[in-house]
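Participant: Pasting a structure here, questions to come.
Just so you know, all these numbers are worked out from the coordinates, no wet-lab data involved. Note that the coordinates shown come from a computational prediction; the quantities given were computed from them, not determined experimentally. Methodologically, a virtual Cβ is constructed for each residue, glycine included, from the backbone with ideal geometry; neighbour enumeration extends over all protein chains shown.
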Amino acid sequence: MAYSEKVMDHLANPRNVGELPDADGIGEVGNAKCGDIMKMYIKVNDGVITDVTFKTFGCGAAFATSSMATELIKGKTIEDALKLTNQAVMEALDGLPPVKVHCSVLAEQAIKAAVADYYTRQGIDPTPLVGKISDCDHEEGHCSCSL
Ligand code: FES
């Protein structure tokens, strides 16, 4: 299994790692199968994500996709951030090994969870805006999260 140069770069020089003490929204998702956890912190101003950081207890692929995802949504509107798919993050990283594709879902879902938390704090029901947040995109028995 080989990671692309971009993935290796994000592993060596991760962007936006850590906590945001004054975050407006915090999302936490976990991958039930491998036990990995992702936490995303967002700062929102006028509907724009002005700052974003992450913390993860996950594998290298989860780490690199989170790092890239924070770069891709920083400065974007909430609406645009919600449109970011794990597919787009993987493309920005020049791909991931097939067994690691599911790991990138953690970053996508963590963004949704952070936005949902932001809406909830604003007194807005996030469900119709954010949709379902899932921890793992694999059906029971088809998950390779432990790889
Ligand atoms: Fe658990 Fe990648 S996120 S193995």
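Participant: I'd like to check which strands (runs of 3 or more DSSP E) are fully inside the range 1-86 and have at least 3 residues that are touching a His at 6+ places or on another chain (Cβ under 7 Å), hydrophobic (A, V, I, L, M, F, W, C) and within 16 Å of the ligand (Cβ to nearest atom).
Facilitator: Working: elements: 25-30, 37-45, 48-57.
Counting at least 3 such residues, we get no strands (runs of 3 or more DSSP E) at all.
Participant: Considering the range 69-104 alone, what residues qualify as being of a type in the set (A, V, I, L, M), touching a residue at least 60 places away in the same chain (Cβ under 8 Å) and within 20 Å of residue 34 (Cβ to Cβ)?
Facilitator: 93, 96, 99
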